[in-house]
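**Q** Sharing a structure below in structure tokens format, with a few things to ask.
The values are calculated or read from the model by the stated rules, or taken from the named source; none is laboratory data. Quick caveat, the model's predicted, so the values are computed rather than measured. As a convention, Cβ positions derive from the backbone with ideal geometry for all residues, glycine included, and neighbour counts pool all protein chains shown. With ligands, DNA and RNA removed, areas are computed over all heavy atoms of the protein, side chains included. Shrake-Rupley method; radii C 1.70, N 1.55, O 1.52, S 1.80 Å.
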Amino acid sequence: MTHRGDDPWAALVWRMVADQIVSRGITEPRVLDAMRSVKRPLFVPEAERARAYEDGPLSIGRGQTISQPYIVALMTELARLDPGSRVLEVGTGSGYQTAVLAACAREVFTVELEPELSARAARTLSAAGVTNVRLRTGDGSLGWPEEAPFDAILVTAAAADVPPALLDQLGLGSRLVIPLGTTSQNLYVFTREAGGIRRESVIPVRFVPLR
Ligand code: SAH
């Protein structure tokens with residue numbers, strides 16, 4: 001938990017959660033606690049740090065971005081995690097979404113295509129004291145077959161279509177949260193049910209492309 005007294009960012013993080021996240025309808029206490037306890041400035045490049053709690057994405061280098069706080073909270077809530085969940089994330093980027101997932105679940109497996117970003121995220125997560133994460137560099141659209149099935153899968157880059165390997169690695173009752181589309185994108189939730197896969201569209205979004 002955040003101790004408001006010894007954290008210079010505490011006032012900003014509480015305001016961010018109230019104004020950007022609770023106000024937009026996120027209610028899951030575990031998600032709100034994670035958004036308050038993970039220190040977003042650690043995951044933002046030095047030059048952008050003063051803007052860490054702004055209501056939007058920020059550049060993290062290599063043409064990539066750290067997602068807007070609200071989108072991180074929304075995707076985490078849509079994943080319906082519990083303390084026993086094992087989660088796959090595709091697109092580690094800064095590692096910020098990874099840390100929020102790690103605060104809500106038992107173990108997070110995260111895959112990043114760019115070696116430089118993956119190495120930096122590993123250092124940041126370790127500096128932030130996050131230990132229940134395993135990182136891999138490579139094409140996350142193939143998932144992490146050795147660790148499947150997962151209780152939830154989150155993809156933080158937009159694909160034209162759902163990578164079939166990710167649906168294959170979804171356990172029964174589990175949820176895949178993924179932005180889909182090219183010129184315009186929507187966030188989708190795919191749920192594996194006994195009768196097949198159910199698909200729901202959530203909101204329009206804007207993510208960097210899955211490569
Ligand atoms: N969750 C991240 C978002 C990073 S942006 C954060 O909040 O910081 C999306 C990331 O997906 C980028 O780092 C990009 O390099 C990565 N990416 C794109 N295609 C990928 C692929 N096929 N496999 C794994 N990572 C991919």
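**Q** Under 5 Å between amide hydrogens, which residues at least 5 positions from Q185 or on another chain qualify, with H placed 1.01 Å from N in the peptide plane?
**A** Amide H neighbours of Q185, under 5 Å, 5+ apart: V205.
**Q** Please compute the modelled spin-label separation between R51 and R134, points set 7 Å along Cα→Cβ, answer in nm with one decimal.
**A** 3.7
**Q** Of the peptides 118-129, 23-34, 85-96, how do they stack up when ordered by the mean number of other Cβ atoms within 10 Å, highest first? List each step's numbers first, then the result.
**A** Details: 118-129: 16.8, 23-34: 14.7, 85-96: 26.0.
Ranked from most to least packed, the peptides come out as 85-96, 118-129, 23-34.
**Q** Further question on the same structure: Taking a label point 7 Å from the Cα of A119 along the Cα→Cβ vector, which residues of region 32-48 have an amide N closer than 18 Å to it?
**A** Only 45-46 pass the distance filter.
**Q** Would you mind working out the magnitude of the charge dipole of the chain relative to its Cα centre, with +1 at each Lys and Arg C-beta and -1 at each Asp and Glu C-beta, to the nearest 20 Debye?
**A** Dipole size: approximately 240 debye.
**Q** Taking only the alpha-carbon positions of region 57-205 and ignoring solvent, what does the Debye formula give for the base-10 log of I(q)/I(0) at q = 0.19, 0.20, 0.22 Å⁻¹?
**A** Log-scaled intensity ratios, in q order: -1.17, -1.31, -1.61.
**Q** Quick one: among T191, T110, T131, which has the greatest mean-square fluctuation in a GNM of the chain with alpha-carbon springs under 10 angstrom?
**A** It is T131.
**Q** Right, here's the next one. Picking from P115, P149, P57, which is most flexible by a Gaussian network model of the chain using Cα springs under 10 Å?
**A** In the Gaussian network model the winner is P115.
**Q** For region 57-205, give the percent of accessible area contributed by carbon and sulfur heavy atoms, probe 1.4 Å, rounded to a whole number. Intermediate values should be presented prior to the final figure.
**A** Numbers: 2920 of 5910 Å².
It is 49 percent, rounded to a whole number.
**Q** Rounded, prolate or oblate: pick one for region 34-74, where a ≥ b ≥ c are the square roots of the eigenvalues of its C-alpha gyration tensor, a/c under 1.5 means rounded, and failing that, prolate if a/b is larger than b/c, else oblate. Spell out each step's value before the answer.
**A** Working: a/c = 1.90, a/b = 1.33, b/c = 1.43.
Oblate, because a/c is 1.5 or more while a/b does not exceed b/c.
**Q** Oh, and also: What are the ³J(HN,Hα) couplings of region 151-168, residue after residue, when phi is run through the Karplus curve with 6.51, -1.76, 1.60 and θ = phi - 60°? Round to Hz, x for glycine and proline.
**A** Along region 151-168, the couplings run 7, 7, 10, 10, 10, 10, 9, 8, 9, 6, 9, 5, x, x, 4, 6, 5, 4 Hz.
**Q** Same structure, new question: Taking +1 at the Cβ of each Lys and Arg and -1 at the Cβ of each Asp and Glu, which of G195, T182, V130 sits farthest along the dipole of region 57-205 towards its positive end, judged by Cα position relative to the Cα centre?
**A** V130
**Q** Looking at region 1-154, send over the antiparallel percent of its DSSP beta bridges, to the nearest 5.
**A** Values: 3 of 16 bridges.
Restricted to region 1-154, the bridges split so that about 20 percent are antiparallel.
**Q** Which of the listed residues, Q20, Y70, A34, is farthest toward the dipole's positive end in the chain, when Lys, Arg count +1 and Asp, Glu count -1 at the beta-carbon?
**A** Q20
**Q** Suppose every K and R has +1 on its Cβ and every D and E has -1 on its Cβ; what is the size of the dipole of region 94-202 about the Cα centre, in Debye to the nearest 20? All intermediate terms of the calculation are to be shown ahead of the outcome.
**A** Numbers: 9 positive and 12 negative charges, 53 e Å.
Taking the Cα centre of region 94-202 as origin, the dipole is about 260 debye.
**Q** GNM on the chain, C-alpha springs below 10 Å: top fluctuator among A73, A194, A152?
**A** Of the options given, A194 has the highest mean-square fluctuation.
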